[in-house]
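For reference, the structure discussed in these notes is given below.
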Amino acid sequence: MIASRLLAGLDLKGRVFLAALAGLAVLVPVLNLAVPETSALHVPTYVVSLLGKYLSYALLAVALDLVWGYCGILSLGHGAFFALGGYAMGMYLMRQIGPRGVYGNPTLPDFMVFLNWKELPLTWYGFQSFPYAMLMVVLAPGLLALVFGWFAFRSRVTGVYLSIITQAMTYALLLAFFRNDMGFGGNNGLTDFKDILGFNIQAQTTRVGLFVATVVALALGYAVARAMVNSAYGKVLIAVRDAESRARFLGYRVERYKLVAFTVSACMAGVAGALYVPQVGIINPSEFAPANSIEAVIWVAVGGRGTLVGAALGAIVVNFAKTWFTGALPELWLFGLGALFVLVTLFLPKGVVGTLSAWSGGRRQAAPAGVAAAPAAE
Amino acid sequence: MNAQPELTQALLYLDGVSVSFDGFRALNNLSLVIGPGEMRAIIGPNGAGKTTMMDIVTGKTRPDEGDVLFDGRVDLTRLDEASIAELGIGRKFQKPTVFESQTVEDNLLLALKGPRSAAASLFGWRNRVKASELDGVLETVGLAEHRARLAADLSHGQKQWLEIGMLLAQDPKLLLVDEPVAGMTDAETEETARLLTRIAGNHAVVVVEHDMAFVRALGCKVTCLHEGTVLAEGPIDAVSANERVIEVYLGR
Ligand SMILES: Nc1ncnc2c1ncn2[C@@H]1O[C@H](COP(=O)(O)OP(=O)(O)OP(=O)(O)O)[C@@H](O)[C@H]1O
Ligand SMILES: [Mg+2]
């Protein structure tokens, strides 16, 4: 019933997007596992994980679009939620290593033995359990967003000021996670993972499994975000984005609406981070770097703010470009990214998908959306 | 705080209200009483404090001193915008403000009386609004044919009406309407005067306007503000004949 209601609420691009994800979930595993390596159609395992990484970025972009595109909250700190989810997953993976570490300590991860710690810090308790770790993947970023958002939205911090404090938040976490005495592996972070749920993390089938899990998570994340923005709640969210004080004087508690969106979005970003870590094999404090959060904003802007699908596509396309660029012309990537952002802002303010749907929408409907920066909220 | 017994008759009661911005006194010992179902026009030169008065009543600005009571008992100075709106005070802004990227219908749906919490909207309890109410409002403000259009595509006058329609959908006890006919044609202005007089009676309406023909058409008691305080109050003919009002506002 829920599924049919959701499908009914999907527009064309949403259906195409979900169909494409379903196609990927089938096609990529087949081309990797069933097609022989000699064939030109074979997808190497490292490419499977690379695609998985892009899709986890796409989930982060969808999460960011929920708050930025639909509620006007330009968060420049979403990388922090992503990284927290990643650390929660990393801690589970570290505990799975058990006595197979270099120092052979059955409970303490290597870096703790190296620091001469005698026992496991409280923060690490429970992380040997997968369900507990998964709970933390959602709870850690969710709680941070709840507390941060509660203070920020209640004091009516908006616009540039809000963006700046979200940057400060992720920067503060960057510094904290760098410290050895925080107990999260310092600047080396967490790595050398062995297995996940008992499966060897390097194995081809595990990699394919992680890829499929990421596709499913992206589809679910998209569905949740779409259901939210299509509901009566979403209409209020858009109202807050377009005319916050009007919404307030109609009796809406704007800060609560923002807080719900911000928290859900942070949880989603945490899940994205948790899927990212086993596929790249490491999590370290650099994931908290302010620049990472800004890059995520660029993906959303390029794909099309307030479209969800566009955000996901933006993340995938920009990261493809990044992989190619950093291979071919590494020193030019940052300039390329900057130029891309400027060009999109100037010539495609609604992003690629936003512009395309404005064109097709303009033909169907006599009245085109005449407002700049007001993405079609279908 | 408790209200004195004689005040219980008034729907809105302002007494000795003052507020300063960086030393500038926008409201100066302002007193104003609006009865239930009353229509009141407020006039006065630019910067007289008309909009600031509405800011005080709706919780946007806190007064430095003075009492602001609603329904004879609720102290509005302690509440925020959302609570005040929930009590039954609606407001139209001086600059028409509607939700541009949403349809006329959705704008009104957002305004319709009903649960306002995030949970209520997220789980669909808010969806149980009556279609008849929506149609009624659309009819009243003359936007029935435009219900599916984006608010951004409406003309200036239509946006003003949409915003008034949103107030009606809210069904407040008190409507504060700031310059509803600014930028309207004469025909639209007349239509708006008819609309507002129809609304009054069931709702108390406070209208701020510079257009004297419009104020006359409202046919109600008039208050003239000047430098944050009441200069004159009474029937339109008396107020517009007042020497001081002519001097500071109407001109010779
Ligand atoms: N938030 C604020 N901060 C600083 N000054 C303000 C603020 N709000 C109002 N003022 C000042 O208070 C004075 C009264 O402004 P107000 O908007 O109430 O006038 P008004 O009677 O509505 O005038 P108009 O007819 O031009 O709309 C003005 O001088 C204005 O500049
Ligand atoms: Mg004004």
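I'd like to verify something in chain A: which complete DSSP H helices, judged by Cα projection on the helix axis, reach 27 Å or more and average at least 1.6 on the Kyte-Doolittle scale? Before the final figure, lay out each step's value.
On the way: long enough: A:12-33 (32 Å, 1.78); A:45-71 (39 Å, 1.29); A:78-97 (29 Å, 0.67); A:130-154 (35 Å, 1.72); A:159-178 (29 Å, 1.63); A:204-230 (39 Å, 1.18); A:254-280 (39 Å, 1.00); A:309-328 (29 Å, 1.23).
Membrane-span-like by this rule: A:12-33, A:130-154, A:159-178.
So what does B:K50 come to for accessible area, using a 1.4 Å probe and Å² rounded to 10?
10
Determine, from the Cβ-Cβ distance of A:S286 and A:L115 and an R0 of 22 Å, the FRET efficiency 1/(1 + (r/R0)^6), rounded to the nearest 0.05.
0.60
Considering only A:F151, A:L139, A:L33, whose Cα is most displaced toward the positive end of the charge dipole of the protein assembly as shown, charges sitting on Cβ of Lys, Arg (+1) and Asp, Glu (-1)?
It is A:L33.
Could you tell me the center-to-center distance, by alpha carbons, between region B:177-220 and region B:78-94 in angstrom?
21
With a probe of 1.4 Å, find how much accessible area region A:2-292 has per residue, and write the answer as a whole number in Å².
Per-residue value: 41 Å².
Using a 1.4 Å probe on the protein heavy atoms only, what accessible surface does A:L334 show? Give it in Å² to the nearest 10.
Surface open to solvent at A:L334 totals about 130 Å².
On average, how many beta carbons from a partner chain sit within 10 Å of the beta carbon of a residue in A:228-237?
5
Test of understanding: what is the full-extension gain from B:D64 to B:N202, defined as 0.36 nm times their sequence separation minus their Cα-Cα distance?
Difference between extended and current length: 46.4 nm.
Within region A:200-224, which residues have the backbone N less than 18 Å from the label spot 7 Å out from A:D11 along Cα→beta-carbon, could you tell me?
Once the point is set 7 Å along Cα→Cβ of A:D11, A:222-224 turn out to lie under 18 Å by backbone N, inside region A:200-224.
Can you give the % of DSSP beta bridges in the protein assembly as shown that are antiparallel, to the nearest 5?
About 55 percent, rounded to the nearest 5.
Over 25 Å between C-alpha atoms is what I'm after, so list which of B:K60/B:K159; A:K13/B:K95; A:K350/B:K113; B:K50/B:K221 land there.
Going by Cα-Cα distance, A:K13/B:K95; A:K350/B:K113 fall outside the 25 Å limit.
Where does the charge balance sit around B:N28 when Lys and Arg score +1, Asp and Glu -1, over other residues with C-beta under 11 Å from its C-beta?
Within the 11 Å Cβ shell, the charges total -2.
Can you give the FRET efficiency for A:L33 and B:S155, using 1/(1 + (r/R0)^6), R0 = 56 Å, r = Cβ-Cβ distance, to the nearest 0.05?
Working: r = 61 Å, r/R0 = 1.10.
The value I calculate is 0.35.
Counting only protein heavy atoms, what percent of the accessible surface of chain B is carbon or sulfur at a 1.4 Å probe?
Ligands and nucleic acids excluded, carbon and sulfur give 49 percent.
Arrange the residues B:H210, A:H78 by how much accessible surface each exposes, largest first, with a 1.4 angstrom probe.
Highest to lowest solvent-accessible surface, that is B:H210, A:H78.
For labels at A:R154 and B:S31 in the simple 7 Å Cα→Cβ model, what's the distance in nm?
Modelled inter-label distance: 3.9 nm.
Name the residue, out of A:P330, A:P106, A:P141, whose mean-square fluctuation peaks in a Gaussian network model built on chain A with Cα pairs under 10 Å.
Comparing A:P330, A:P106, A:P141 in a Gaussian network model of chain A, the most mobile one is A:P330.
Rank B:K113, A:K350 by accessible area, highest first, at a 1.4 Å probe radius?
B:K113, A:K350
Sort B:201-207, A:98-104, B:115-121 for me by packing, meaning the mean count of neighbouring Cβ atoms within 10 Å per residue, highest on top.
So the order, starting with the most tightly packed, is B:201-207, B:115-121, A:98-104.
So how much accessible surface do B and A hide from each other in total, probe 1.4 Å, in square angstrom to the nearest 100?
Buried area (both sides, nearest 100 Å²): 2700 Å².
Pick from B:S31, B:S83, B:S132: which is most flexible by mean-square fluctuation in a GNM of chain B where alpha carbon atoms under 10 Å apart are linked?
For chain B, modelled as a Gaussian network with Cα springs under 10 Å, the answer is B:S132.
Would you mind telling me the share, in percent, of accessible area of region A:2-292 contributed by carbon and sulfur at probe 1.4 angstrom? If you can, show how the numbers build up before the last one.
Values: 8050 of 11870 Å².
Summing carbon and sulfur atoms, their accessible area is 68 percent of the total for region A:2-292.
All other residues with a Cβ under 10 Å from the Cβ of A:Y276 taken together, and with Lys, Arg as +1 and Asp, Glu as -1, what is their net charge?
Net charge around A:Y276: 0.
Rolling a 1.4 angstrom probe over the protein chains, ignoring ligands and nucleic acids, what is the accessible area of A:T326 in square angstrom, nearest 10?
60
For chain A, with a Gaussian network of springs between Cα atoms less than 10 Å apart, report the residue from A:L275, A:L356, A:L308 with the top mean-square fluctuation.
A:L356
What spacing in nm lies between the two simple spin-label points modelled at A:K194 and B:K95, each 7 Å away from Cα in the Cβ direction?
6.4
Which is farthest toward the positive dipole end of the protein assembly as shown among B:T140, A:L120, A:G198, measuring Cα position about the Cα centre, with Cβ charges +1 (Lys, Arg) and -1 (Asp, Glu)?
Most positive-ward Cα: A:G198.
What average number of partner chain Cβ atoms lie no more than 10 Å from the Cβ of the residues making up A:256-264?
The mean count of partner-chain Cβ atoms within 10 Å per residue comes to 2.
Taking all protein chains together and a probe of 1.4 Å, list A:D11, B:D211 from the most accessible to the least accessible. Intermediate results must be reported in sequence, preceding the final value.
Working: A:D11 25, B:D211 55 Å².
Ranking A:D11, B:D211 by accessible area, largest first, yields B:D211, A:D11.
How far is it, in nm, from the label point at A:N105 to the one at A:Y46 when both lie 7 Å from their Cα along the line to the Cβ?
Placing both labels 7 Å along Cα→Cβ, they lie 3.4 nm apart.
Taking every residue in B:88-100, how many Cβ atoms of other protein chains lie within 10 Å of its Cβ, on average?
Details: counts 1, 2, 3, 5, 2, 4, 0, 0, 1, 7, 4, 13, 7.
Neighbouring Cβ atoms belonging to other protein chains average 4 per residue here.
Quote the FRET efficiency, to the nearest 0.05, computed for B:D15 versus B:S83 with a Förster distance R0 of 22 Å and r equal to the Cβ-Cβ distance.
Efficiency at R0 = 22 Å is approximately 0.55.
The values are calculated or read from the model by the stated rules, or taken from the named source; none is laboratory data. The structure displayed is predicted, hence computed values, not measured ones. Quick reminder, even Gly has a Cβ in these numbers, built from the backbone with ideal geometry, and neighbours come from all protein chains shown. These area figures cover heavy atoms from the full protein model, side chains too; ligands, DNA and RNA do not enter into them. Shrake-Rupley method; radii C 1.70, N 1.55, O 1.52, S 1.80 Å.
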